[in-house]
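Enquirer: Quick one: this structure, given as structure tokens, is what I'll be asking you about.
Values quoted throughout were computed directly from the atomic coordinates according to the rules given, and no laboratory measurement underlies them. The structure presented is a predicted model; accordingly, all values stated were derived computationally and were not measured. Note that each Cβ is placed from the backbone with ideal geometry, even for glycine, and that neighbours are counted across all protein chains shown.
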Amino acid sequence: MPFLEMSASADVESQSPAARSRGRCLDTFLTVSVIALFILFVGAGVGALCFAQHIEKKIDARPTRDLDGSADALVASTGNAYKMQNFVYLRATESELKSGVMAWETFAYGKGQTIGSLYSYDIKQNVLNIKGKGSYFLYVQLNFTCTGQCTSGKFTVSFYNKHNSEELSCTVSLPEWKKETPHSQTCWRVATFPESESRLMAKSRIEGTLNNWKLVMNDSGFGMFLVDGLGALLHT
């Protein structure tokens, strides 16, 4: 009965100390791998949160929200902390609050523009093209000013990928205020783009009238950067 003898031999081998040792090694390897992946994920999340808090502190520390070049200061602070080819920052081009596709623009920074080689912006379609796949920290910064007797309402900016799925949404509730009253909000999240050649389009939506509320263009924009390399940010 060769087959029975072979089966019996295999059963004996599976119970041998060497087989049990190999099984324990495999279990240990799988456990360590899961723990390592968890640590990497948590580290990326903590890094993104620290970066967002860094942005918010820069915004809150500004003495004014008028056209004082503070958007340039924001880009400078983030650009020094991270490789510029992985970074993009676009500012708003229209102050009127309305529903529809939002237009953005890059601007001069140093010897180049506020857009790294990992991205390109289509001004005709108002679309940001993302050339590399991966996880990105995406944020939007919105600043408003009241230019008269302002009425209350809500202003929402949502970012959609090429599949028309929402990647980030930011809603600001604007109260009924008097002239020269500022209001601001920053929203962020980590978004994953599993495909190369992805894209983002921003659409705005208003609820209510929002009379006399204006978007401060030089202080409003959105940016993103590749999550890889967040460790460099934690040491700045």
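Enquirer: Considering amide H positions built from the backbone, and no H for Pro or chain starts, which residues 5 or more places from residue 93, or on another chain, come under 5 Å of its amide H?
Expert: Under 5 Å from the amide H of residue 93: 103.
Enquirer: Per-residue counts of other Cβ atoms within 10 Å, averaged by peptide: what ranking do you get for 99-112, 201-214, highest first? Working shown, then result.
Expert: Numbers: 99-112: 13.7, 201-214: 17.3.
Going from most to least packed, we get 201-214, 99-112.
Enquirer: Are there trypsin sites (Lys or Arg not before Pro) in region 152-187 that DSSP puts in a loop and that have at most 13 other Cβ atoms within 10 Å, and which ones?
Expert: Details: sites: 154, 162, 178, 179; in loops: 162, 178, 179.
Those satisfying the criteria are 178, 179.
Enquirer: Which of the pairs 154/214; 98/131; 179/203 have their Cα atoms more than 23 Å apart in this structure?
Expert: 98/131; 179/203
Enquirer: Moving to a separate point now. Please work out how much length the chain gains when fully extended from residue 161 to residue 228, using 0.36 nm per residue of separation minus the C-alpha to C-alpha distance, in nm with one decimal. Intermediate values should be presented prior to the final figure.
Expert: Values: separation 67, 0.36 × 67 = 24.12 nm, distance 2.05 nm.
Extra length available between residue 161 and residue 228 comes to 22.1 nm.
Enquirer: On to the next question. Rounded to whole Å and sorted largest first, list the principal axis extents of the Cα atoms in region 87-203.
Expert: Result, largest extent first: 47, 34, 24 Å.
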